[in-house]
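First comes the structure, then the notes that go with it.
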Number of protein chains: 2
Amino acid sequence: MSRPKPMSGFPEFLPAERMVELHALRILSSTFELHGFASIETRAVEPMDQLARKGEIDKEIYVVRRLHAAEGDTDELGLHFDLTVPFARYVLEHAGHLVFPFRRYQVQKVWRGERPQEGRYREFLQADIDIVGQGTLADHHDVEIPLVALDAFEKLHVDLGIPPVVLHVNNRKLSEGFYRGLGIEDTAAVLQRVDKYDKIGPDAVAELLVTELGLETGQAAKCVALAGIATTDESFVDRVRELGVEHALLDQGLEALAAVVRVAERQVPGRMLADLKIARGLDYYTGTVYETVLQGAEKMGSVASGGRYDALASDGKNTFPGVGYSFGVTRLLAPILGRGELTASRSVPTCVLVAVDNEESREVALRTADRLRRRGIPTEVAPKADKFGKQIRYADRRGIPYVWFGAGENDEVKDIRSGEQVGADADAWTPPAEDLFPRTVRGPLG
Amino acid sequence: MSRPKPMSGFPEFLPAERMVELHALRILSSTFELHGFASIETRAVEPMDQLARKGEIDKEIYVVRRLHAAEGDTDELGLHFDLTVPFARYVLEHAGHLVFPFRRYQVQKVWRGERPQEGRYREFLQADIDIVGQGTLADHHDVEIPLVALDAFEKLHVDLGIPPVVLHVNNRKLSEGFYRGLGIEDTAAVLQRVDKYDKIGPDAVAELLVTELGLETGQAAKCVALAGIATTDESFVDRVRELGVEHALLDQGLEALAAVVRVAERQVPGRMLADLKIARGLDYYTGTVYETVLQGAEKMGSVASGGRYDALASDGKNTFPGVGYSFGVTRLLAPILGRGELTASRSVPTCVLVAVDNEESREVALRTADRLRRRGIPTEVAPKADKFGKQIRYADRRGIPYVWFGAGENDEVKDIRSGEQVGADADAWTPPAEDLFPRTVRGPLG
């Protein structure tokens, strides 16, 4: 096999990059668990008829079949393209064994057969949280979900140095009610155009609304004016009222969004923005919607998003409303790792390399290593009884901070960064906490 | 959507079962890291021509294509069926950025389009460790790998209650040299028949060797006699010698296997067995081979296996020999979880449920919950300001041990198992360590 080439759209990390990803995943999982979310995983494949239900996304599905499928083997399967469709199926399939409201998190790869381009992947990692009720789900979960998300992002900022975020929130009822109050019927078509606001600007959106949807200039102007409203407090309500549009659904949406912003303003000041242009294009949310942008990296677009579904799933008898949020882990990390802005303090977990005097004494080194490991210290034994200088270079090339010398008596340990070498007992010596495991550090370009 | 049916061969776990799996995965990953293995992940797909190289396995591959693949889009992809083929490709692709010997672990799903049957899955989780060298790789790694594996299994036994294991080891050179010493040319064909020893017994294997391969009765008897040798120490060498077969490759194999068993006997007495019938059928190992059986569950067959490759990968210029081992995580856990022998002490991570007096005071409860979480205590806020009896039932149904009452002053916490209720400060109260996170416990049928 000649040297293989990378496959476009399928990012893979080197060991030091993977350590940063693992660090981020530990932060996400532990935050989700602190908030009472239980982990589940679903299979990678779903029946094609279930995957293809979701409108325009069907062209991006990867179809899966057995190489030697039997005649009449009609099971059409596809790789899941998000974690929401499989979760909805999981809830229906296992409803009898779950207790509702059910809080779950799910960290898995998803696949989309897209044309690869900057920031688009064919395989990428998502980390989702959802709260789903049976029959009903209280409104206050719509503020709980972004509070969990902001807790996680705050830790990613403090521990990893990911930029802080602003979570943008809107409510579909607000937009839809506003459009209906203007006498517009096809509100979804308006939402799709408003979704381009950041890309093409307000004037171009207004023009699309007139030319493509046949709106009057005055209607289009009001839609664009609504989209331009963004406040960190409840003052957006007055600004919407000033536009003079009235509809019962608009009132519902205003009230619901105000309730979310009011709590967030007190709990996490400055982190949430009522942003009335957030539309979440083709996703079929029915109430609150979320998008999240990194401060200083707004051009990347939303790195995490979600919203409320009136019916995440339904089996005819029971309806399961839900509210959820999805972290685009690959979308967030791959560019940062690709630019080398973050890396690990070493490329191996190993904290101590036990040197080997000669091959006959390798078993002594094995036992020393085991004594260190039993106390939680990641340890390797040198692969070859080379000259000590060469064994130290083995450690140095991997960033292993300590090399251990001795045959279980009169042992010494050397910090190869400072050169300091001290007597040590494998049952007692402990490295400084910051050396025990690899840390995430700013890369050379950071 | 009506209630979906489980898909045969694609096991999915309920939240409490998933917690046991996560516990097992934490044990495996932390053990691998203690031994200096770095984590990597590879993409789920590989080019079909690479996957199909591995002989007879090709009929089990799942082919992947875009639903709306463009004309002339000839990229044939398949889901990986193990983690060795993708790892070999990863080593070649990234060799310039890796340091050798390279030690990696990899925990990912793999897919095989098999006919589902007891203990066979179409999607299952593997946890692999490999050490790979550039050009050469020292022999002592052949004993290091099973020592890491036995360290992990010992922790799975102590922490989770998985039965203890015996790791069976053989060497391909030993068998092949022995067969060549008997004048047999097609040694691979003999290995394939010997691989059935446990299933069909020695007499049936001897018959296959005679009828299918045309061996003389005496040759067949010696092959079966070799396969019957199993010792926990080096005494297997004498027993092989007694069979009176000679070949240089046999000598190499005997020496190599004796070296592995000698170290293991001293380091982990009673845990390793030189078992000369271990063949690893169609896998193309070239030296040491491993299989692992649970004591008392020998019928399950090997739950973890591996071996040495002279050339894990080669790009024409460089050859990369390796030795590795693969834990069949799903194969090990799914039957145990399916029988309910292990489960989690609760179905949610939550340790404390903060009760809500009335919806107006929900924000106070949110702040109490945050104070507990800031000290690492998994906490939920009750979803509804029901009567306290109902809120306690919410906790009880999920196995949440503590319910918190109060509005930030004169707070009290109740252990709902004992009924004991005491005054508590959200900035100071700490639950007993065994209540903090869900634990793995014997199930009702265990």
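Since every read-out is calculated from the coordinates, none of them should be taken as a lab result. This one's a predicted model, so the numbers in the text were calculated from it and none came from an experiment. For neighbour counting, all protein chains shown are included, and Cβ atoms are generated from backbone atoms with ideal geometry for every residue, glycine included.
Could you tally the net charge around A:G228, taking each other residue with its Cβ under 11 Å from the Cβ of A:G228, Lys/Arg +1 and Asp/Glu -1?
Spelling it out: positives minus negatives among the neighbours equals +2.
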Practice problem: Would you tally the net charge around B:W111, using a Cβ to Cβ cut-off of less than 11 Å, leaving B:W111 out, and scoring K and R as +1, D and E as -1? | Solution: +1
Exercise. Can you tell me how much longer the chain between B:A69 and B:T286 gets when fully stretched, taken as 0.36 nm per residue apart minus their C-alpha distance, in nm with one decimal?
Key: 74.1 nm
Exercise. Express as a percent, rounded to the nearest 5, the fraction of DSSP beta bridges in the protein assembly as shown (both residues included) that run antiparallel.
Key: 85 percent
Quiz prompt | Other-chain or far-sequence residues with amide H under 5 Å of B:V381's (modelled H) | solution = B:V354
Self-check item: Dipole in debye (nearest 20) - segment A:15-343, about Cα centre, beta carbon charges: Lys, Arg +1; Asp, Glu -1
Solution: 540 debye
Quiz item: What does the helix-only formula give at 222 nm for the protein assembly as shown: each DSSP H stretch with n ≥ 4 adding -39500 (n - 2.57), the total divided by the residues, and the result rounded to the nearest 500 deg cm²/dmol?
Solution: -10500 deg cm²/dmol
Self-check item: Average Cα contact separation per residue, segment B:94-171, under 8 Å, 6 or more apart, as relative contact order %
Solution: 24 percent
Quiz prompt | B:E246/B:E207 FRET efficiency (R0 35 Å; Cβ-Cβ; nearest 0.05) | solution = 0.85
Self-check item: Beta carbon of chain B nearest to the axis of the rotation taking B to A, residue and angstrom distance
Solution: B:V64, 3
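If you place +1 on the Cβ of every Lys and Arg, -1 on the Cβ of every Asp and Glu, and leave all else neutral, what size is the dipole of segment B:347-442 about its Cα centre, to the nearest 20 Debye?
It works out to roughly 540 debye.
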Practice problem: Using only Cα atoms, locate the centre of segment B:153-211 and the centre of segment B:353-394, then give the distance between them in Å, rounded to an integer. | Solution: 59 Å
Quiz prompt | segment A:15-343 - percent relative contact order, Cα under 8 Å, separation 6 or more | solution = 22 percent
Quiz prompt | Pair B:D198, A:R239: separation of 7 Å Cα→Cβ label points (nm) | solution = 6.9 nm
Quiz prompt | Rounded, prolate or oblate (a/c below 1.5 giving rounded, otherwise prolate when a/b exceeds b/c) for segment A:1-55 by Cα gyration tensor | solution = oblate
Quiz item: Placing a label point 7 Å from Cα toward Cβ, how far apart in nm is B:D198 from its equivalents in the other copies, listed shortest first to one decimal?
Solution: 5.5
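Between their Cα atoms, which of B:K5/B:K155; B:K384/B:K414; B:K155/B:K277; A:K109/B:K5 are more than 30 Å away from each other? List each step's numbers first, then the result.
Values: B:K5/B:K155 36 Å; B:K384/B:K414 18 Å; B:K155/B:K277 28 Å; A:K109/B:K5 23 Å.
Cα-Cα > 30 Å for B:K5/B:K155; rest within.
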Self-check item: Ascending list, in nanometres, of distances separating the A:E185 label from those of the other copies (7 Å, Cα toward Cβ)
Solution: 8.3
Quiz item: Can you list the residues of segment B:1-41 with backbone N under 15 Å from a point 7 Å past the Cα of A:K317, pointing along Cα to Cβ?
Solution: B:1-5
Quiz item: Cβ under 9 Å from B:Q421's Cβ, B:Q421 left aside: what net charge do those residues give with Lys, Arg +1 and Asp, Glu -1?
Solution: -2
Exercise. Report, as an integer, the average count of C-beta atoms from other chains found within 10 Å of each Cβ along A:37-49.
Key: 6
